[in-house]
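Q: Please see the structure below; I have some questions.
The values are calculated or read from the model by the stated rules, or taken from the named source; none is laboratory data. Source: prediction; values computed, not measured. Neighbour counts run over all protein chains shown; Cβ positions are idealised from the backbone, glycine included.
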Amino acid sequence: MDRVPICQENRGTVEIAIMVEAGSVVREMGTMTKERREIAFYEQYMNLLAEIPDEMIVDNETRDAMKTRFKGMRKGDMNANNLLRKYEGEIAALKKFAYSFPGFGDLNKLPSGTPQLQHLRKPVVNKLWVENNQVRVSLIQFNLLFCQY
């Protein structure tokens, strides 16, 4: 974010980034029950929020708001259960979006490099050759037109 201070307008983006970081840490902890995962995720999320320096947040109200409710939360206070649900929903939406890119999830849909480069290279080479050899091109085209008949 180019050192832009965290405010109410951009706090949702920061919260998602912190959720992804906390989710990575919790995932590396290994297998655990859902309740334990919720608690570990919540604790990691709060620790990451606490690590943000004060000069990176516009005011204390924003930090307090990030600790009590995530952006877009409808009602109630944030707890371990709804925070983990929010994280899982955001990750599912991200994966759904990522599947629209070729090669994500199925490498067979990824275009191979060689044919793609050949298709791209031929017009570029022709264009450069025409620019450098304009007189010869017209002679070749003239010869082709009259030699065919």
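Q: Restricting attention to the stretch 28-40, report how many residues are touching a helix residue (DSSP H, G or I) at 6+ places or on another chain (Cβ under 9 Å) and either outside any loop (DSSP other than H, G, I, E, B) or charged (D, E, K, R) (or both).
A: Qualifying residue count for the region: 6.
Q: Another question about this same structure. In the stretch 49-106, which residue that is modelled with pLDDT under 85 and of a type in the set (F, W, Y) is nearest to V26 (Cα to Cα)?
A: Out of the qualifying residues, it is F70.
Q: Of the residues that make up the stretch 10-28, is at least one in contact (Cβ under 8 Å) with a residue 60 or more places away in the chain and of a type in the set (D, E, K, R)?
A: Of all residues in the stretch 10-28, those in contact (Cβ under 8 Å) with a residue 60 or more places away in the chain come to 11-12, 16, 19-20, 22-23.
Then keep just the ones that are of a type in the set (D, E, K, R); that gives 11.
Within the stretch 10-28, one or more residues are in contact (Cβ under 8 Å) with a residue 60 or more places away in the chain and of a type in the set (D, E, K, R).
Q: How do the pairs read when you match residues in the stretch 56-68 that are closer than 10 Å to Q8 by Cβ with residues anywhere that are exposed (fewer than 14 other Cβ atoms within 10 Å of the Cβ), using Cβ under 7 Å and keeping only pairs 6 or more apart or on different chains?
A: What qualifies is V58/P5; V58/C7; T62/C7; T62/Q8.
Q: For the stretch 1-27, which positions are β-branched (V, I, T), under 21 Å from G72 (Cα atoms) and assigned to a helix (DSSP H, G or I)?
A: T13, V14, I16, I18, V20
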